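Presented below is the structure to which this report refers.
We did not get these values from a lab; they are worked out from the coordinates using the rules stated. As the structure is a computational prediction, the values presented were derived from the model and not from experiment. For neighbour counting, all protein chains shown are included, and Cβ atoms are generated from backbone atoms with ideal geometry for every residue, glycine included.
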Amino acid sequence: MSILITADTSFIVQGITGREAVNLTRENLDYGAKIIGGVTPGRAGRDIYGVPVYDCVRDIVAKHGQPDGSIVSVPPKFTRDAVFEALENGIKTIVIVTENIPRAQVAQMVELAELRGARIIGPNCLGIISPGEAKMGGVGGPAANTRQAYSKGPIGVMSRSGGMTTEIASTLTGAGLGQSTCVSIGGDAIIGTSYAELMPFFEADPETRAIAIYSEPGGRMEAELAEWVTKNASRLPIVAFMAGRFMDEMKGMRFGHAGTIVEGKEDTTAEKIERMEAAGISVAERIEEIPALIRTKLAEKSVEV
Amino acid sequence: MRFYEYESKALFARHGMPLGQSRVAGSPEEARAAAQAIGGPTVIKSQVLSGGRMKAGAVLFADTPDEAAKHYETVLPIVVNGETARSVLIEEKSPIAQEYFVSVTWDGRRKLPVVLFSDMGGIDIEEVAETHPEHLSRTHFSTILPLSERVAKEAIGAVGVTGSDLNRLVPIVYKLMQLFLDYDLTLAEINPLAKLEDGRFIVLDGHLDMEAEARGDHKAVLDDLGIGDDETRQARPPTEFELAGARVNAVDHRGVAGNVVEFDGNLGLIIGAGGGSLTLFDAVRKQGGKPANYCEIGGNPSMSKVKNLTKLILSKPGVDKIAVMMNVVSNTRVDIVARGVIKGCIEAGKDPAEVIAIFRIPGAWEDEGFKILAKHGVEYCDRSVSMYEAAGRACAKLEAN
Amino acid sequence: MPGMFIDVEVDAGVASNAELVKKLAEVCAVDIFAAKDDGTLQIVEENLDECVLCDLCIQAAPAGTVRVKKLYER
């Protein structure tokens, strides 16, 4: 099992003729994804690695039936419109790759998604991968690189950094711990789906037995996760890695992702670590400590992996 | 991107919000003239981006134009939180009956904008939240429904304000919500929002912050305010080195080799990507390394971008070695980065084998990359060496120097 | 300045064939090939090291007439 996507998930790519989109289309196909169509206005009739291109999402639905998901890889100015188009055409899982979208527009997309009962991952993310089944987005890169870093198994991964999603998966794989599903949730201040909002999915997935997360300064997402874990008495042990500790001393300076800035006390890594540890989440200081911490926590619960 | 008070007030005025008379002064003479024109008592306020200017003594009151000129000279040189004043604002001193607080900001958890309103303005709002939570309301509003005065009414009414005060406050709060969305702000705050003795309300002090991503969409407004692209308005102004880094990144559109932040150490860092850079910077500092810079490469930058970034970092006085490190890469190519840093070293007149302390970028095209590094005698490692260990090796090499 | 990592060799027959030169200039994403005013091939040396080894130039010309050499393998 896995969450959000399986080998049967069908999806489309909006902006499919763009440079990055062409790449990720090939990489996803090579990894076994079911891409039923792509959209670039004015380019109907072309094909990208055998995937037919249409002017509108509506035309794909009419011709090929309802897709489950969409990867949106269009310039920031057109992203909101593309996401609205996907939502109004019944698509329920949307991965937004695009970076630099003002947060008012992200908020609008998220609000409409909620009304339509859909889920947005991102923006500014590399997408979702259920190792050995399928991936949706640029996560892991070319299929060969993806197979090297990701392997099937019991660990769920969530990360505010796309690159660190692969670093963590690669470290887990190297230590003999495969992954159920890894989600690059995006590095912006407002994102479609936070750690806490993904937890119920992992909680309901019998294959997932522990969680690893990558987190960084800025925002309240770690506090939200800590609250969720406490309130719901989660069965899943969680190990977090906290990057950007140096930023605690550099208030108001922006490093890394758009959502990464220390403005108030709650944004600091010190405060986040304290909250997470109080909720029973172990916080690693180095990525390579994650596998052993997971094994220890699972052993305490007598769960075998 | 934060606005100065006088810029914020220009934007408040555009949206028809009530303000006292004020003028920016650039000399004591201008301060005197401003006070003369305003007539009556004035407030002399240092224009800085950081808070705490009242505490620093950079806000003074004057009864006469001569006093305003004198206060100008007192206030201007005062350094507030390490920041020197850009100019001084001379504003009409109004007789205040009560102070309110209102701000609009984003709630990242609810993913909605939220209006914070309090009838206890003028003081630190975090303190109000802790000591008098019933005097602070939080009202979220939709970004897809048409903007509505209802939200403003509920926000104000929630702390018990009613009668004509409520009706006079609603349009001000509503306009602040409008301003917040119109200009892609991340914070629109009025504190204090003053009720005058005659019953009118005016914006006494305000603070606006625009989202960096949206600057391009608001060029006309920024031009009107005289804010150029090179004004980053970060916690401190950019250094020459940082501006040079931005220029390297702007040369072509392929990938990122930028976000350079200057530090005063001796280890140059070519690191990436977003999260990887944070991780590696921590790892270097934890192991006693002294970074000369922070930076981010990612998104598959061109060879020449990496080369020019390498040359820039090597040109910084005191940089003895560079460490080239990233998380396992997916679309950035190991071989292209390897070519860029080696060529950068050679063009800077240095031996790559000598000056590159460690190269740790595993992932896409690593076999080609490792061949290039081996050929030039550069120490490199694959994913079996962790980011932390790689950073440690670089630190050890500098110590041995 | 020639490439430090990559060199490209093109047979004279291809380099003087305006149609093939045009094709090479089109397929190369990093602008290593350009056409001179007379339609013959100009290799843009400063772009050689930007080569991403996509092999599109090799496929665009008759087999064996365009060769991309990795100088770091010698």
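The figures follow:
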| item | result |
| --- | --- |
| For chain A, calculated [θ]222 nm from helices alone, where every DSSP H run of n ≥ 4 adds -39500 (n - 2.57) | -10500 deg cm²/dmol |
| Percent of alpha-carbon pairs separated by more than 13 Å within the stretch B:21-92 | 54 percent |
| Modelled FRET efficiency - R0 41 Å, C:Gln59 with B:Ser148, Cβ distances, 0.05 increments | 0.10 |
| Sorted largest first, extent of the stretch B:259-401 alpha carbons per principal axis (Å) | 32, 30, 28 |
| Exposed-loop-free span, longest in chain B, where GluC sites (Glu not before Pro) count as exposed if DSSP calls them loop and at most 16 other C-beta atoms lie within 10 Å | B:1-196 |
| Dipole magnitude (debye, nearest 20) for the stretch C:13-74, charges at Cβ of Lys, Arg, Asp, Glu | 300 debye |
| Where N is the number of residues in the stretch B:201-314, Cα Rg divided by 2.2 N^0.38 Å | 1.28 |
| Crossing angle, helix B:303-314 versus chain B [Cα axis fit, 0-90 degrees, rounded to tens] | 80 degrees |
| Distance histogram for chain A (every C-alpha pair counted, 10 angstrom bins, percent rounded to whole numbers) | 7, 29, 35, 22, 7, 1 |
| Filter on A:Lys251/B:Lys45; A:Lys265/B:Lys9; B:Lys343/C:Lys69; A:Lys251/A:Lys272 - keep pairs with C-alpha separation over 20 Å | A:Lys251/B:Lys45; A:Lys265/B:Lys9 |
| Computed E for B:Arg168/B:Asp230 - FRET, C-beta separation, R0 56 angstrom, nearest 0.05 | 0.85 |
| Length added when fully stretched, B:Arg138-B:Ala37, from 0.36 nm per residue minus Cα-Cα | 32.4 nm |
| Mean projected area (nm²) of the alpha-carbon convex hull when chain B is viewed from all directions | 23.3 nm² |
| Ranking of C:Thr65, A:Thr230, A:Thr146 by count of other Cβ atoms within 10 Å, fewest first | A:Thr230, C:Thr65, A:Thr146 |
| Per-residue ³J(HN,Hα) for the stretch A:4-14, Karplus 6.51 cos²θ - 1.76 cosθ + 1.60, θ = phi - 60°, Hz, x for Gly and Pro | 6, 9, 10, 4, 8, 5, 9, 8, 10, 10, 8 |
| Relative contact order computed over chain A (Cα-Cα under 8 Å; 6+ residues apart), in percent | 14 percent |
| Rounded to the nearest 20 debye, dipole of chain A from Cβ charges on Lys, Arg, Asp, Glu | 500 debye |
| Relative exposure of A:Cys125, C:Cys28, B:Cys381, judged by other C-beta atoms within 10 Å (fewest first) | B:Cys381, C:Cys28, A:Cys125 |
| Pairwise Cα inverse-distance average, inverted: Kirkwood Rh of the protein assembly as shown (Å) | 28.5 Å |
| Contact order relative to length of the stretch B:240-400, as percent, for alpha carbon pairs under 8 angstrom and 6 or more apart | 23 percent |
| DSSP bridge pairs, the protein assembly as shown: antiparallel proportion in percent, nearest 5 | 55 percent |
| C:Asp37, A:Asp30, C:Asp31, B:Asp335 arranged by Cβ crowding within 10 Å, fewest neighbours leading | C:Asp37, C:Asp31, A:Asp30, B:Asp335 |
| Hydrodynamic radius by Kirkwood, which averages 1/r over all alpha carbon pairs of the stretch B:100-142, in angstrom | 10.6 Å |
| Convex hull per residue volume in Å³, alpha carbons only, for the stretch C:6-73 | 77 Å³ |
| Beta bridges by DSSP in the stretch A:10-300, antiparallel share as percent, to the nearest 5 | 20 percent |
| Per principal axis, descending, Cα span of the stretch A:34-150 in whole Å | 38, 33, 24 |
| For the stretch B:1-123, fraction of C-alpha pairs farther apart than 18 Å, in % | 59 percent |
| Dipole in debye (nearest 20) - the protein assembly as shown, about Cα centre, beta carbon charges: Lys, Arg +1; Asp, Glu -1 | 1220 debye |
| Under 13 Å from B:Lys321, Cα to Cα: aspartates and glutamates that are on another chain or at least 8 residues apart | B:Asp351, B:Glu354, B:Glu379, B:Glu399 |
| Placed amide H near B:Val161: partners under 5 Å, 5+ positions off or other chain | none |
| Of B:Leu49, B:Ser27, B:Ala37, farthest towards positive along the dipole that unit charges on Lys, Arg, Asp, Glu beta carbons give the stretch B:21-93 | B:Leu49 |
